[in-house]
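What follows is one structure encoded as structure tokens, with my remarks underneath.
The values are calculated or read from the model by the stated rules, or taken from the named source; none is laboratory data. These figures come from a predicted structure and were not determined experimentally. Cβ sites come from the backbone with ideal geometry, for glycine too, and all protein chains shown count toward neighbours.
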Amino acid sequence: MNPVDLLSLLKTIKKLGFLNYIAYKTKPISCLNINGVKIFIRRGTPDLEVALASLSGEYSCLKYLLPKHFNGLIVDGGAYIGTASIALHRLYPEARIIAIEPSRENYKILIRNIAQYPNITPIRAAISGESGRKLTLINRGTGEWGFTIIDRPRDVPDAQKIEQVDAITLEDIYKISGCDYVGIIKLDIEGGEKELFQKNALQLDKSIAVFAELHDRITEGCTSSFFEFSKTRSVVNIEGEKLLSVKTSQCNPDNTD
């Protein structure tokens, strides 16, 4: 093992604790305590990496965008195993969170992880610019976190088709929730964000903040579409492909610890 991998391993063991780490390495699915949150994790998947990031401050940049007691809608697009939804719940405990995840297997773990959070509502679907259709979920070979609805991904044009999933639009989500505006929309949908920025800009603009991971490596134009959508909003580059688009006129500063 090279020094970089060894250091990474030691950091992971330190974060989890030795017994937690042994459970993770020996069971197909283990329940770990990560920063005070019990999370089901699948061995041999990106689950642990995602959980550690989500529950160790990845979304702390969103903490002061809304009132501390915000009780409106937050949308988690590309919810994976639910750790982002839980992190958002910890920031805004009174908010209603809708977690959208297209993968059948990811969704099964998501359901288990959010079972104790009644204000998080799961929906198995893929966010799309058009509703009432079936979409094909595609495995790019990058692990369970990298499934996409892009037909021929730029990085893996011959990627494997794995399952069909219903499309759902932001307008559908608003109707389900009974809300006509959103506090935060988080998007990590592996290239599907391009269509939303191009076709659903009005629906996206109902949100105070859009936290998006952009995937030009999967489909060209994600970043340019994001900036076109955000031309009347403020943009913050959080880290790498993660950008935040904020309607600053609607931010509420009444959020203090």
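Brief remarks on what is shown
- When the helices (runs of 4 or more DSSP H) confined to region 1-118 are screened for residues that are under 15 Å from the mean Cα position of the chain (by Cα), under 25 Å from Tyr174 (Cα atoms) and not aromatic (Phe, Trp, Tyr), those reaching at least 3 such residues are found at 83-91, 104-113.
- Qualifying positions in region 119-154 - of a type in the set (Asp, Glu) and either at pLDDT 95 or above or outside any loop (DSSP other than H, G, I, E, B) (or both): Glu144
- Filtering region 155-170 to residues that are in a strand (DSSP E or B) and touching an Asp or Glu at 6+ places or on another chain (Cβ under 7 Å) leaves only Ala167.
- Selected residue (criterion: surrounded by the most Cβ atoms within 10 Å (Cβ to Cβ)) from residues of region 29-49 that are in contact with a strand residue (DSSP E or B) (Cβ under 9 Å, 6 or more places away or on another chain) and under 22 Å from Ala212 (Cα atoms): Asp47
- Entry remark, region 86-136: residues being out of contact with any helix residue (DSSP H, G or I) (no Cβ under 6 Å at 6 or more places or on another chain), among the basic types (Lys, Arg) and either within 24 Å of Gly191 (Cα to Cα) or crowded, with 22+ Cβ neighbours inside 10 Å (or both) number 4 in total.
- When each of Ser245, Ser225 is tested for being at pLDDT 95 or above and either among the aromatic types (Phe, Trp, Tyr) or more than 19 Å from Ala167 (Cβ to Cβ) (or both), the lone residue that passes is Ser245.
- Some residue of region 202-221 being under 27 Å from Ile123 (Cα atoms), basic (Lys, Arg), modelled with pLDDT under 95 and touching a helix residue (DSSP H, G or I) at 6+ places or on another chain (Cβ under 8 Å): yes
- Gly72 crowded, with 17+ Cβ neighbours inside 10 Å and touching a Cys at 6+ places or on another chain (Cβ under 7 Å): yes
- Within region 50-66, being closer than 23 Å to Thr121 by Cβ and surrounded by 17 or more Cβ atoms within 10 Å (Cβ to Cβ) holds for Val50, Ala51, Ser54, Leu55, Glu58, Tyr59, Leu62, Leu65, Leu66.
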